[in-house]
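Below is one structure, written out as structure tokens; comments come after it.
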Amino acid sequence: MAFSFLKDALHQRQQQGLLRQEQCVERYDAQHIVIGGKRYLNFSSNDYLGLASLPTPDALHHLPKGSGGSPLVTGFSYHHQALCDYLATSLKREAVLLLGAGFSANKAIMSVLGSQKGMRIVADKLAHASIIDGGLASDATFKRFRHNDVAHCEKLMQAENTSPSAVLDTEKVEENRGNRTNYTLVVTESVFSMDGDKAPVPALSALCQENQAALCVDDAHGFGVLGQQGFGVTELHDLPQSNLPILMGTFGKAIGTGGAFIAGSQALIDYLRNFSRDYIYSTAFSPFHAALTLHHLKQCRQDAWRREKLAENIAVFKNEMATIHAGQVSLLPSDTAIQPVIIGEPEKALTVATLLRESGFWVTAIRQPTVPKGTDRLRITLTASHQASDIVALVNQIKAICTA
Ligand SMILES: *Cc1c(COP(=O)(O)O)cnc(C)c1O
């Protein structure tokens, strides 16, 4: 192979103990996982409600398993339409666009809106890689505010504003195109994927309205979990389209299937449909997948017990962790399913994760540079499928390892 850098770079990664590798999962559910013939309690899944293991209704089996095309050719079926309609009604949005992955959905939003002349994107420092990649690849001025710092966000929104900011009117995006004015798009996540804390969405929404900016929220870790019916951040804070004009959510986490959606005004969705290369040039997910996802969404809404069980499990975990002496390990202020246990040094985080695996707990260590130096951690995720005794056993093992 002519490209000698391939092996060199991989070798270097290996030397640093940073080589990434898939783990081949033999059996999976949100409580247990079988890897290399060994069964573990699973504390690494984003399947927060256990919905990935729902049985498939017989009535869906006959549906096509491939869509045969991109959505604008022949890939968009009656089942995709039904899914869009259900989401629009539930979320009280005018229109919805479906995409194959959350990564593409964020890239679509950022690159399409970011290509508007005079666009400034202001995103939370901890925003997902897809938001950063999309923002940097666009023509927009791209800035990041300190994590959850509304005042810093405001400062960045107003900095170097040479001409007055025009209303980024997502009701009339089409008319905005080509105008040489300034627009501001503020981007955050409802629940942060590595820290598990929530963004101050109502405060950011108010800030955007005062400054004629548009707010975009990535609800990947909130959709399905937040709100009485699991409709996510919009239900939790009762945010209509006018207060949260650009909403993105995924089906691969709490909903238990895969794919993503963007919801907002008819004009926003029509605009993305017409100008997003991520949407236009990619094969739609299958009619089977669309119908299956709708089935999961309905089950998610109906099964309030799953959200209640998850909340109970989070409380059990936090109570148990409180019995570990401060200084040994610490938690971040999270009340969601994502519970980071801060270890502090990369080698130690890896050692703790390895020892936990040896005792039957599948836990992932997240190290720098994914998270800031000194905050190397275990990223523990809790689900509705765990029993309280699973969680007590995990915390006892963490305690035993960290006090040894
Ligand atoms: C997982 C995730 C995505 C990407 O969604 P996929 O459907 O997995 O591509 C986007 N944003 C956040 C915050 C995520 O956690």
dims of segment 42-165, Cα set, principal axes, largest to smallest, nearest Å -> 59, 41, 27
Sequence of 351, 403 once ranked by neighbouring C-beta atoms within 10 Å, starting from the fewest: 403, 351
State the antiparallel share, in %, of DSSP beta bridges confined to the chain, rounding to the nearest 5. 55
May I have the pair-distance distribution P(r) for segment 260-306, computed from all Cα-Cα distances with 5 Å bins from 0 and rounded to whole percent? 5, 17, 17, 19, 20, 13, 7, 4, 0
Highest average packing first - 330-336, 255-261, 87-93, Cβ atoms within 10 Å: 255-261, 87-93, 330-336
Taking the chain as the reference, fit the longest principal axis to its C-alpha atoms, fit the long axis of helix 78-91 to the helix C-alpha atoms, and give the angle between the two in degrees, 0 to 90, nearest 10. 90
Exceeding 20 Å between C-alpha atoms, which entries from my cross-link table qualify? They are 348/399; 107/155; 125/373. 107/155
Which value, in debye to the nearest 20, gives the size of the charge dipole of the chain about its Cα centre, when Lys and Arg are +1 and Asp and Glu are -1 at the Cβ? 720
Contact order normalised by residue count of segment 1-132, Cα under 8 Å, 6+ apart, percent: 9
Which whole-number percent gives the relative contact order of the chain, counting Cα pairs below 8 Å spaced six or more residues apart? 22
Could you pull out every residue, at least 5 positions away or on a different chain, whose amide H is within less than 5 Å of the one on residue 364? Hs are placed 1.01 Å off N in the peptide plane, and Pro or chain starts have none. 379
Burial ordering of 121, 342, fewest other beta-carbon atoms within 10 Å first: 342, 121
Work out the FRET efficiency for residue 345 and residue 322 from their Cβ-Cβ distance, taking R0 = 25 Å, and round it to the nearest 0.05. 0.60
Helix 287-302: angle to the longest alpha-carbon principal axis of the chain, degrees 0 to 90, nearest 10? 70
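What net charge do the residues around residue 192 carry, taking every other residue with its C-beta under 14 Å from that of residue 192, with Lys and Arg at +1 and Asp and Glu at -1? Provide the component values of the computation, followed by the final result.
Values: positive: 125, 144, 146, 198, 253, 377, 379; negative: 124, 149, 189, 195, 197, 218, 219, 335.
Surrounding charge for residue 192 is -1.
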Within the chain, helix-based [θ] at 222 nm, where runs of 4 or more DSSP H residues each add -39,500 (n - 2.57), nearest 500: -11000 deg cm²/dmol
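Every number in this text was worked out from the coordinates using simple rules, so none of it is lab data. These numbers were taken from a predicted model, which means no experiment stands behind them. Methodologically, a virtual Cβ is constructed for each residue, glycine included, from the backbone with ideal geometry; neighbour enumeration extends over all protein chains shown.
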